[in-house]
Amino acid sequence: MKVFSKEDARRMLCRYHNLDGAEALHGKAGAEKIMQRIHSIQYDPLNVVARNADLVLQARVREYREEDLYKLLYEEHKLVDGFDKEMCIYCAEDFARFRHVRSENQKHVVLTLQYRNQMGALDILDDIRDFVAKHGKTGTKDISIGEVRESRWGHKKLSSAALDYLFNSGELCVADKRGTQKYFDLTERVLGGADLQCSQDMTIEEFLEWYIERRIQSVGLLWNKSGGAWQGRFISENELRSSVLQTLVEKNRVEEIQVEGIDETFYISKGSQKYMTYQVSDSYARFIAPLDNIMWDRQMLEKLFDFTYRWEVYTPAAKRKFGYYVLPVLYNGRFVARFEAKPVREAGEFALKSWWWEPDVEPDNDMIETITEEMALFAEFLQVSNSKDNFAKLGMQ
């Protein structure tokens with residue numbers, strides 16, 4: 001079994017995700033190319049500085065703008081909204097392969113309907129299908145069929161619950177999104193025939209091998225410990241996952257490697273091995289999304305990068321160590337700081353609220369210059385001005 005240093009593993013992950021900027025990825029074409037590599041990014045509706053999916057892509061792709069993702073999702077339909085790790089955005093060519101996940105989701109939606117006493121949603125599915133077939137893109141506000149009730153949680157309307165069921169089953173697809181409001185249409189009118197037919201007949205065994213290898217590729221390097229990176233139907237089951245990983249190793253699709261100072265075995269897809277030897281010399285800094293792929297397993301992140309991160313969005317303000325929506329700062333393969341920005345839509349600019357250097361970091365001129373250059377690029381991505389006070393927030397007067 002090959003043994004790598006932590007520095008090698010960190011370098012590999014940064015190169016794999018193009019966080020080091022060594023690969024010239026630009027704009028919409030660059031976003032499409034990196035999605036072919038990592039397959040999936042987590043969707044989250046919070047928009048403090050930007051939404052998670054856009055933050056993930058801007059860290060990997062130069063000149064990326066939010067409209068690039070919108071075009072790939074809702075104009076060209078090369079990407080699609082769907083359940084993977086959780087609610088994610090993934091390549092449309094994977095849609096048919098996810099029928100096993102949708103089948104499981106369907107069962108759980110029925111259990112939820114039972115719990116909420118909304119089984120009547122299943123009785124109006126034909127009415128919902130007919131409405132969408134006739135009217136096209138349909139949001140929950142566009143249709144009201146069946147019971148309407150006051151509710152503090154879940155769907156208030158049976159028609160909304162029915163739309164959700166048909167989305168989970170795969171009959172409907174998100175055809176557009178305005179803000180956080182989804183608009184559904186018949187899947188066959190959204191996705192191309194090739195995407196709907198791609199490997200749709202794969203067995204559950206074939207699917208599991210594909211899915212687990214794909215999840216490794218989404219992160220770049222993974223150990224076999226239950227955690228955030230292994231969330232999702234099927235693969236969160238430790239015994240099942242371990243069995244499939246062994247099969248992938250035996251089939252020479254996945255390789256086991258060791259990282260110095262860490263007892264657990266790591267797994268890397270054979271196609272990703274080329275990133276283990278690539279080195280880049282130019283300095284770089286990147287602002288990383290809280291739900292970025294390399295952040296999915298925070299215990300693994302801590303072991304590899306010696307960096308502890310907790311997303312404190314759901315932590316009461318008085319108990320937060322840092323802030324509500326904090327972005328880690330990556331510099332030359334090392335997490336050197338983290339910051340909280342003021343909500344961009346309120347501030348009208350990219351303005352730091354707080355900046356925290358890691359305890360063992362002594363910033364030098366190169367680090368400061370590289371980070372301030374990235375601040376300017378980050379403001380361009382946000383399409384706002386870069387606050388004049390940001391440099392002072394770094395503690396460098």
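The values are calculated or read from the model by the stated rules, or taken from the named source; none is laboratory data. Here the structure is a predicted model, which means the values were calculated and not measured. Virtual Cβ from ideal backbone geometry, glycine too; neighbours counted across all protein chains shown. The protein model used for the area step is the full one, side chains on, heavy atoms only, and it has no ligands, DNA or RNA in it. Shrake-Rupley method; radii C 1.70, N 1.55, O 1.52, S 1.80 Å.
The table for this structure:
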| item | result |
| --- | --- |
| Qualifying residue in segment 338-346 (condition: surrounded by 16 or more Cβ atoms within 10 Å (Cβ to Cβ) and more than 20 Å from residue 385 (Cβ to Cβ)) | yes |
| Test: residue 167 is modelled with pLDDT of 85 or more, touching a strand residue (DSSP E or B) at 6+ places or on another chain (Cβ under 7 Å) and part of a strand (DSSP E or B) | no |
| Checking residue 68 against (1) more than 22 Å from the chain's Cα centre (by Cα); (2) open to solvent by 10 Å² or more (accessible area, probe 1.4 Å); (3) under 21 Å from residue 180 (Cβ atoms), the condition it does not meet | (1) |
| Single residue of segment 110-146 satisfying the filter (of a type outside the set (Val, Ile, Thr), in contact with a helix residue (DSSP H, G or I) (Cβ under 7 Å, 6 or more places away or on another chain) and in a loop (DSSP other than H, G, I, E, B)) that is nearest to residue 176 (Cα to Cα) | 144 |
| Residue list for segment 40-54, filter: under 25 Å from residue 211 (Cβ atoms), open to solvent by less than 10 Å² (accessible area, probe 1.4 Å) and not in a strand (DSSP E or B) | 52, 53 |
| Hey, residue 301 without any contact (Cβ under 8 Å) to a residue 24 or more places away in the chain, in a helix (DSSP H, G or I) and surrounded by 15 or more Cβ atoms within 10 Å (Cβ to Cβ) or not | yes |
| Test: residue 273 is of a type in the set (S, T, N, Q) and either farther than 18 Å from residue 37 by Cα or open to solvent by 70 Å² or more (accessible area, probe 1.4 Å) (or both) | no |
| Filter pass, residue 23 being part of a loop (DSSP other than H, G, I, E, B), modelled with pLDDT under 95 and closer than 30 Å to residue 282 by Cβ | yes |
| The listed residue being closer than 25 Å to residue 41 by Cβ and either open to solvent by less than 60 Å² (accessible area, probe 1.4 Å) or in contact with a helix residue (DSSP H, G or I) (Cβ under 9 Å, 6 or more places away or on another chain) (or both), out of 288, 262 | 288 |
| Single residue of segment 354-387 satisfying the filter (β-branched (Val, Ile, Thr) and open to solvent by 20 Å² or more (accessible area, probe 1.4 Å)) that is farthest from the chain's Cα centre (by Cα) | 372 |
| Check on residue 37, at pLDDT 95 or above, charged (D, E, K, R), under 19 Å from the mean Cα position of the chain (by Cα) and not in a helix (DSSP H, G or I) | no |
| Subset of segment 212-257 [of a type in the set (S, T, N, Q) and under 24 Å from the mean Cα position of the chain (by Cα)] | 217, 218, 224, 226, 231, 236, 238, 242 |
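Residue-wise test of (1) surrounded by 13 or more Cβ atoms within 10 Å (Cβ to Cβ); (2) in a helix (DSSP H, G or I); (3) free of Cβ contacts under 8 Å to residues at least 60 places away in the same chain.
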{"site": "195", "(1), (2), (3)": "yes, yes, no"}
{"site": "205", "(1), (2), (3)": "no, yes, yes"}
{"site": "216", "(1), (2), (3)": "yes, yes, yes"}
{"site": "229", "(1), (2), (3)": "yes, yes, no"}
{"site": "233", "(1), (2), (3)": "yes, no, no"}
{"site": "236", "(1), (2), (3)": "yes, no, yes"}
{"site": "241", "(1), (2), (3)": "yes, yes, yes"}
{"site": "247", "(1), (2), (3)": "yes, yes, yes"}
